[in-house]
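Bear in mind that the values in this text are calculations on the coordinates, not laboratory data. All values derive from a computational prediction rather than experimental measurement. Here Cβ is always computed from backbone atoms with ideal geometry, including for glycine, and neighbour counts include all displayed protein chains.
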């Protein structure tokens, strides 16, 4: 059984169908990229999985549990962490505090209204490990709002990692990065995903990035799946050529 | 530690006040401490969670009316009536917050205002419990248990207020530095992200409103036997606005700042009102001056935490909270 199963998922906004009967399987340990032109429904798909947007129809199951209809926080508590297309951080907190608050969300006593040396200690250690894996230790003490855009993107990934997720959703991790920054970020992500310990769903515009990181690719166009397979097969797919790689450029 | 040393020094000075100050000044000081406790309770919402309440008078009024009724009709000792009234305010707040947190931003603020005005309207009509426009008069400082009468006197009551204030300050300080407080900070800076990390943000907001109302209710519960009366003005929107001004002028997000802001408000309004009837207009100018030039408030200026940076930060926070 696949870790993430999406069946006939549909979302209508008024008369517009943003996501149109999308079905998809993500196996444990797999890195799957969702690609498609602007407005293809990639971000809406993420918002449907994480419960930010309610499905009009269809169903999302994670490890046998139905997620559809659950709230964003309870979906997150199943072990699903995400990053946002537009960087979402706590700008006045340091990078370390950002990562710590992310890890704290998985602590049994995260709400404890007194003391906290145990909770902060445990969460802080997890957060620091995540920062180190993304090469952010040297900026850990700086307020997140003052980091470079590239470091902010990586910090969001670090926050997701600090939660030790079973499923990681990355929404355009290289969005807005320069060519050099993208290359660096992709190296970091590739090293991170190399041990196949994590299942990842990745939305990305940059095809170089997709072909470097993903084991499987799903192509969305106007809300519907038009191709699905290993990167080489998708690359060859004529329909994709038309819809995405060449046709709409 | 700096904080505990400062607090101990302030507590010593305040403890000596009854020996040094004339009765009229003692009355003003007692009221200033009660208002300080009230403003501090609002700071949990405004400064720490960015929940802008325009109806915090509801907490004060609930506490005052509850305590007034207990003291007038049950013969319960002051020492029991006051915490019980605070608890009552906190419990009512769970329902209020449950509704208000259905909205966020300006809509949340409007709902808090609506609830306060609702309580105000009820207080005006429900004469059996609130005395309607006459209010409750002759609220006693009932003695006991074990025949303790010390709190009935001017100095004794002052010490009770001082103890409540210091105890509440310590409680709130522990709260805001706890894991719970860290989540509030997350909500303040980016609620959507906090939710996405797996925190049930609405439950945290309801909890902090209930705690803020309990301490605001404690302030109101102290006010009723202090003044000997409770009337509908304690629930009026004007009072909600004044306490918000105390928080911002004193320094939001610092706990101590709002206490100083309340004392400053008392002092300046007393000085100004002996000069002119339109003292409120002058205080309005002072408020505008603070918002524009010192949004970190009196305490922010005094402690000089990261001057220019702190200024930008707090101003940004309030601009964001208004949008």
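Specify whether the C-alpha gyration tensor of region B:197-315 places it in the rounded, prolate or oblate class, a ≥ b ≥ c being the square roots of the eigenvalues: rounded for a/c under 1.5, otherwise prolate if a/b is larger than b/c and oblate if not.
Cα axes put region B:197-315 in the oblate bin.
Over region A:115-249, what lengths in whole Å, largest first, do the semi-axes of the equivalent ellipsoid take, defined as the square roots of 5 times the eigenvalues of the alpha-carbon gyration tensor?
Taking √(5λ) for each eigenvalue gives 33, 16, 12 Å, largest first.
Would region B:264-305 count as rounded, prolate or oblate if I go by the C-alpha gyration tensor, calling it rounded below 1.5 in a/c and otherwise prolate when a/b exceeds b/c, oblate otherwise?
Taking the square roots of the gyration eigenvalues as a ≥ b ≥ c, region B:264-305 is oblate.
Percentage of Cα-Cα pair distances in region B:136-194 greater than 19 Å, rounded to whole percent?
The proportion of pairs with Cα distances above 19 Å equals 57 percent.
How large is the Kirkwood hydrodynamic radius of chain A, counting all unique pairs of alpha carbons, in Å?
18.6 Å
Taking the Kirkwood radius as the inverse of the mean 1/r across Cα pairs, report the Rg/Rh of the protein assembly as shown.
1.07
Based on a Kirkwood Rh over C-alpha pairs, give the Stokes-Einstein translational diffusion coefficient of region A:90-165 at 10 °C and viscosity 1.306 mPa s in µm²/s.
Taking Rh from Cα pairs, D becomes 132 µm²/s.
With a ≥ b ≥ c taken as the square roots of the eigenvalues of the C-alpha gyration tensor of region A:1-88, please select rounded if a/c is under 1.5 and otherwise prolate if a/b is larger than b/c or oblate if it is not?
Verdict is rounded for region A:1-88.
Quick one: if the Förster radius is 45 Å, what FRET efficiency do residue A:196 and residue B:163 give, using the C-beta to C-beta distance and rounding to 0.05?
0.15
With labels modelled as points extended 7 Å from the Cα through the Cβ direction, what inter-label distance (nm, one decimal) is found for residue B:118 paired with residue B:171?
2.5 nm
State the antiparallel share, in %, of DSSP beta bridges confined to the protein assembly as shown, rounding to the nearest 5.
Taking every DSSP beta bridge with both residues in the protein assembly as shown, the antiparallel ones total about 60 percent.
Arrange A:187, B:277 by Cβ neighbour counts within 10 Å, fewest through most, would you?
Lowest count first: B:277, A:187.
Can you bin every Cα-Cα distance in region B:5-118 into 10 Å intervals starting at zero and give me the percent of pairs per bin, rounded to whole numbers?
12, 33, 31, 20, 4, 0
For chain B, modelled as a Gaussian network with Cα springs under 10 Å, which listed residue fluctuates most, B:46, B:82, B:150?
B:150
Explain nothing, just the number: relative contact order of chain B, from Cα pairs under 8 Å at least 6 residues apart, as a whole percent.
31 percent.
How are the Cα pair distances of region B:1-42 distributed, in percent, across 5 Å bins from 0?
Pairs per bin, as whole percents: 5, 20, 20, 24, 20, 8, 2, 0.
How big is region B:24-236 in terms of Cα radius of gyration and Dmax, in angstroms?
17.4, 55
Would you mind ranking A:148, B:269, B:240 so that the residue whose beta carbon has the fewest other beta carbons within 10 Å leads the list?
Least to most surrounded, the residues fall as A:148, B:269, B:240.
What is the fewest-to-most order of B:157, B:146 by other Cβ atoms lying within 10 Å of their Cβ?
B:146, B:157
Using just the helices of chain B, give the 222 nm mean residue ellipticity in deg cm²/dmol: DSSP H runs with n ≥ 4 each add -39,500 (n - 2.57), and the total is spread over all residues, rounded to 500.
Mean residue ellipticity at 222 nm (helix-derived): -26000 deg cm²/dmol.
Once the piece of chain linking residue A:78 and residue A:125 is laid out straight, how much longer is it, given 0.36 nm per residue of separation minus the C-alpha distance between them?
That works out to 14.8 nm of additional length.
GNM on chain B, C-alpha springs below 10 Å: top fluctuator among B:98, B:126, B:237?
Evaluated over chain B, the most mobile residue of the options is B:126.
Could you give the length gained by full extension between residue A:179 and residue A:17, i.e. 0.36 nm per residue of separation minus their alpha carbon distance, to one decimal place?
54.9 nm is the gain from fully extending residue A:179 to residue A:17.
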